[in-house]
Amino acid sequence: AVVSTQSTGKNEDKMNYFSSSFLSSSFYDTVFKYSFITSCIAFITLFFYNVPYGRHGSNSFFSVNPKFGWFIMESPTIFLWPYLYFNSPAKSSITLFFFLLFTIHYVNRTVIYPLRYPSPKKSPMSLIVVSSAFIFQCVNVYIVGGSLFYFKDYTDFSWISPSFLIGLFMFIIGMYTNIQSDAALHKLRSAPGERYKIPYGNLFEYITCPNYFGEMIEWLGYAIMSYDRGALLFFWWNIANLFPRALSNHKFNKTTFKNYPRNRKAIIPFVI
């Protein structure tokens, strides 16, 4: 019994050391810095390289089922995000609120999204993409959760401040746009005929990727209402990923459909 107790104590010490190092401000600052540098490199690179999934995917030996791949690459939001929140020493009503908003978005993206929609064999997902996205999402969750739940001081926070109310409004509008646009796209792709068709209605009249536009607005709202650097970097990462992807999708549609609306922009109405 004595040996067991000593062993347990050593394991707890190791876990406490890991947690204290993992959540130290110096370690967080280092991860934040290199994540920002990586996001800038990714933003430039993705203008010249299409990540191989969806319409830009191709069959290979290292491809996996897209539903399974999607769940795996988004799964850190299911296990790491709650871990960070529930181990936080300074939980409050506002951090709970931000925790729930993030959770609602990613329960939809991680669980409901891949189960609700079909995933044809023509849309394989590279195992390299899945692995990279898994690591990427671990870092994102750490960046946002570490800042919100461990380093951000909400002592003077106000539920009726203009920044909170504006940010919340943007988050809700962005999330609705994202979900509604995804639903419209998948409904169109599930209809008989060619997999990819020209979507019409709502923001599709103005841009090719309203789902991406909605997600960008959503996370900009989250950054504004939380007034947090981790959330702001997460928003920038969304731009770095989705903006170049939207331009690629727009180019794909213009090349594929001869009758594609000439006045339709890629991701920002009336702009680009």
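The values are calculated or read from the model by the stated rules, or taken from the named source; none is laboratory data. Note that the structure is a prediction, hence the values are computed from the model and not measured. Ideal geometry is used to build each Cβ from the backbone, glycine not excepted, and the neighbour counts take in all protein chains shown. For accessibility, only protein heavy atoms count, side chains too; no ligands or nucleic acids. Shrake-Rupley method; radii C 1.70, N 1.55, O 1.52, S 1.80 Å.
When residues in segment 142-195 are screened for being open to solvent by less than 20 Å² (accessible area, probe 1.4 Å) and either within 29 Å of residue 88 (Cα to Cα) or of a type in the set (Lys, Arg) (or both), 12 of them pass. For residue 117, the criteria (1) modelled with pLDDT under 85; (2) over 30 Å from residue 187 (Cβ atoms) hold in every case but one, which is (2). Of all residues in segment 66-98 being within 13 Å of residue 139 (Cα to Cα) and aliphatic (A, V, I, L, M), which is least open to solvent (accessible area, probe 1.4 Å)? For segment 66-98, the residue satisfying everything is 84. Restricting attention to segment 183-200, does a residue exist that is at pLDDT 95 or above, out of contact with any Cys (no Cβ under 7 Å at 6 or more places or on another chain), in a helix (DSSP H, G or I) and not polar (S, T, N, Q)? So far as segment 183-200 goes, no, none of its residues is at pLDDT 95 or above, out of contact with any Cys (no Cβ under 7 Å at 6 or more places or on another chain), in a helix (DSSP H, G or I) and not polar (S, T, N, Q). When the residues of segment 239-272 are filtered to those that are open to solvent by less than 20 Å² (accessible area, probe 1.4 Å) and either assigned to a loop (DSSP other than H, G, I, E, B) or touching a strand residue (DSSP E or B) at 6+ places or on another chain (Cβ under 6 Å) (or both), the one that is farthest from residue 39 (Cα to Cα) is 260.
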